[in-house]
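Peer 1: Got a structure for you, questions after.
The values are calculated or read from the model by the stated rules, or taken from the named source; none is laboratory data. Because the structure is predicted, anything quoted here is derived from the model rather than measured. Cβ: placed from backbone, ideal geometry, glycine included. Neighbour counts: every protein chain shown.
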Amino acid sequence: MGLLEEIKLPEDLKRLSYEELVTLAQEVRELIITVVSKNGGHLAPSLGVVELTLALLKVFDPAQDKLVWDVGHQSYPYKILTDRKDRFATLRKLGGISGFIKPEESPFDCFGVGHSSTSISAALGMIVARDLAKQTHKVVAIIGDGSMTAGLAYEGLNQAGDLGKDLIVILNDNEMSISKNVGALSSFLSRQLSSQWMIKIKKEIENFLRQIPKIGEDLIVYAKKGEGSFKNFFTPGILFEAFKFNYIGPVDGHDIEGLVDVLSEVKKLDVPVLVHVLTKKGKGYAPAEKNPVYFHGVSGFKPENCQIKKITSENTLSYTEVFGATLCKLAKNDPKIVAITAAMPEGTGLHKFAKQFSERFFDVGICEQHAVTFAAGLAKEGFKPVVAIYSTFLQRAYDQIVHDVCLQNLPVVFCLDRAGLVGEDGPTHHGVFDLSYLSHIPNMIVSAPKDEAELQLLLYTALKQNQPFSIRYPRGKGVGVDLYTEFSTIPIGSGELLRTGQDILLIAVGSMVYPALQAIQDIGDYDIGLYNLRFIKPVREEFFELIQQYKILIIAEENVLIGGAGSVILDHLRNLNLLDKFRIYRIGLPDKFIEHGSQAELRQKYLLDKEGLKEQILKFLK
């Protein structure tokens, strides 16, 4: 492995020459490509920040200084260079290191991330804490241009500029191309405008002008306008200057020596600074450079030919694919249907809708709160907005769901992809809370299809309603059932009895229906009925009449038990004075954050696969 073999801690980098750092960058990239090709993960973002990471570790000391990474998609080089090189092969594996920044994993990880746009606010909090504790270390927030689409980032900038603390923000911009001429000039400007003497001169001039009677303040305003015009002629920094940040850049994010020069100067300053760094997503691996979206997050691939590994049969569509295709079909006949996503058109299956109905498709960026209120505005004016967001990300818009959609009873359809256990991305991405945070909101219909065909019908049904409607479905392939070519509505609140039983009824929700059916078919000692509870809210009266034929109820869901479908059923039974009629056992996820690992491994560990359900049912019955 060459130089990388000699690197254990970040301090080992400080003795390397720039030529050696360039060699080390290539070795880091090779290790990332090798591991991600086997384990899957966020390849292109991490490849793009190798030089930036080396420069940050060359200038700052992460044992003392705080490096606050945003999202964590770009954290692989940092992990490798901060004492996790030997464990990097376990990336995203059950029991291995996380694909995201995780303080429990390493003292070099100072703030946990998974969702975006948190770094500036967290870093500012750390700076205030540092000053209150009378310490002197530096705090750096590293944030991507995508994360800068979220309001939270600007809320952090706003307070940071107002406080005037020495927060350093690194804007990793991988969407702009780097022109050689502009790059050289901007590099020169960056070094000059970031130098300590330049900042000092600016302060002295400002103090001098302020002392001039009557016209001093006006002169300061004109001076700032002149400076801004000059800088903005070459750079896009005027926005950040408006937040009272000293803007530095753009800087070539793959020039280690240039980065070190700029960061070394910036480190000396005691004012808010934003360093604009231009990088290329997927840098160093031609296929990822050519198609960074495709290689943003991959399940695994063959490095020699870039062929993505097939996980399951090509004939079985994913829930995401079925959702996207069905919505396109429905939109052909209904011009009122509008699709909205928050920076995830491919991930939510809306990329085909975007091509076919571009005027009715809106990617609002990483702005889940805005997406929901934007949808509410559309619904208020008679359109049928479908908001497709991962279950875990919709949590960020809880207040908007309550006040802007449900309080006004507006017909917004929420399609929650990646509901339940999502796998290797871990606790920040598991969608295991949505049944709990949606089912108690008035006016909201909450549903979960048992398979991809039922997803089609629920989507069709949702678009026929005149109130908020949510559909949650899991990540990955469907169960392989035949899809509908013509659609019909499902009566709201209705479920279906899939199998009759004697005294025992298993009530399964969404992704638990088929494993539950397989489990009870293997249990020959008991005659167990199976009910598909496709609507968690509302639940029809017929359901409570039906279950009175049974003495034992078992409820299975891929959601946390607290506040989930089981809780909803228990509340109904209590209100109907029926609770004492049954022995009840609930199957679901415990009150803890679930670690990373494959979906199959996690379902096995938490007894939510066929064998696990069988084990839990038999243990309860015996």
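Peer 1: Check P10 against each of (1) out of contact with any Pro (no Cβ under 9 Å at 6 or more places or on another chain); (2) surrounded by fewer than 24 Cβ atoms within 10 Å (Cβ to Cβ) and name the one condition it does not meet.
Peer 2: Condition (1) is where P10 drops out.
Peer 1: For region 31-53, give me the residue count where each residue is crowded, with 24+ Cβ neighbours inside 10 Å and polar (S, T, N, Q).
Peer 2: 2
Peer 1: Any residue that is over 30 Å from N443 (Cα atoms) and surrounded by 16 or more Cβ atoms within 10 Å (Cβ to Cβ) - is there at least one of those in region 561-584?
Peer 2: No, that holds for no residue.
Residues checked against (1) in a helix (DSSP H, G or I); (2) surrounded by fewer than 16 Cβ atoms within 10 Å (Cβ to Cβ); (3) under 27 Å from the mean Cα position of the chain (by Cα):
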| position | (1), (2), (3) |
| --- | --- |
| L416 | no, no, yes |
| D425 | no, no, yes |
| V446 | no, no, yes |
| Q456 | yes, no, yes |
| Q465 | no, yes, no |
| P474 | no, no, yes |
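Peer 1: Testing G524 on (1) at pLDDT 95 or above; (2) surrounded by fewer than 20 Cβ atoms within 10 Å (Cβ to Cβ); (3) out of contact with any Ser or Thr (no Cβ under 9 Å at 6 or more places or on another chain); (4) not hydrophobic (A, V, I, L, M, F, W, C), one condition comes back false. Which one is that?
Peer 2: That leaves (1) as the condition not met.
Peer 1: Report every pair of residues separated by at least 6 positions or lying on different chains whose Cβ atoms are under 8 Å apart, first residue within region 354-383 and in a loop (DSSP other than H, G, I, E, B), second charged (D, E, K, R) and at pLDDT 95 or above.
Peer 2: Cβ pairs passing all conditions: G382/K336; F383/K336.
Residue by residue, here is whether (1) under 28 Å from I33 (Cβ atoms); (2) acidic (D, E); (3) modelled with pLDDT of 95 or more holds:
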{"site": "D70", "(1), (2), (3)": "yes, yes, no"}
{"site": "R84", "(1), (2), (3)": "yes, no, no"}
{"site": "L91", "(1), (2), (3)": "yes, no, no"}
{"site": "G114", "(1), (2), (3)": "yes, no, no"}
{"site": "K138", "(1), (2), (3)": "no, no, yes"}
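Peer 1: In region 613-622, what residues are within 14 Å of P515 (Cα to Cα) and either of a type in the set (F, W, Y) or buried (at least 16 other Cβ atoms within 10 Å of the Cβ) (or both)?
Peer 2: Answer for region 613-622, where residues must be within 14 Å of P515 (Cα to Cα) and either of a type in the set (F, W, Y) or buried (at least 16 other Cβ atoms within 10 Å of the Cβ) (or both): L613, K614, Q616, I617.
Peer 1: Considering every residue within region 533-540, establish whether at least one is surrounded by fewer than 18 Cβ atoms within 10 Å (Cβ to Cβ) and over 18 Å from S436 (Cα atoms).
Peer 2: yes
Peer 1: So, of the residues in region 585-612 that are assigned to a loop (DSSP other than H, G, I, E, B) and either assigned by TED's automatic domain parsing to the domain that holds T392 or over 21 Å from the mean Cα position of the chain (by Cα) (or both), which turns out to be surrounded by the fewest Cβ atoms within 10 Å (Cβ to Cβ)?
Peer 2: D591
Peer 1: How many residues, within region 58-114, are farther than 21 Å from G146 by Cα and not in a loop (DSSP other than H, G, I, E, B)?
Peer 2: Adding up the residues that qualify gives 12.
Peer 1: Sticking with this one: Could you tell me which of the residues L132, L81 is surrounded by fewer than 17 Cβ atoms within 10 Å (Cβ to Cβ) and more than 30 Å from Y606 (Cβ to Cβ)?
Peer 2: When all the criteria are applied, what remains is L132.
Peer 1: Here's another thing I want to ask about it. Quick test for you: out of R418, R396, R475, pick the one residue that is touching an Asp or Glu at 6+ places or on another chain (Cβ under 6 Å) and not β-branched (V, I, T).
Peer 2: R396
Peer 1: Confirm whether L483 is touching a residue at least 60 places away in the same chain (Cβ under 8 Å) and either of a type in the set (D, E, K, R) or surrounded by 14 or more Cβ atoms within 10 Å (Cβ to Cβ) (or both).
Peer 2: Considered against the rule, which asks whether it is touching a residue at least 60 places away in the same chain (Cβ under 8 Å) and either of a type in the set (D, E, K, R) or surrounded by 14 or more Cβ atoms within 10 Å (Cβ to Cβ) (or both), L483 comes out as yes.
Peer 1: Let me ask you something else. With respect to S511, determine if the residue is under 31 Å from the mean Cα position of the chain (by Cα), buried (at least 24 other Cβ atoms within 10 Å of the Cβ) and not in a helix (DSSP H, G or I).
Peer 2: Criteria not met by S511.
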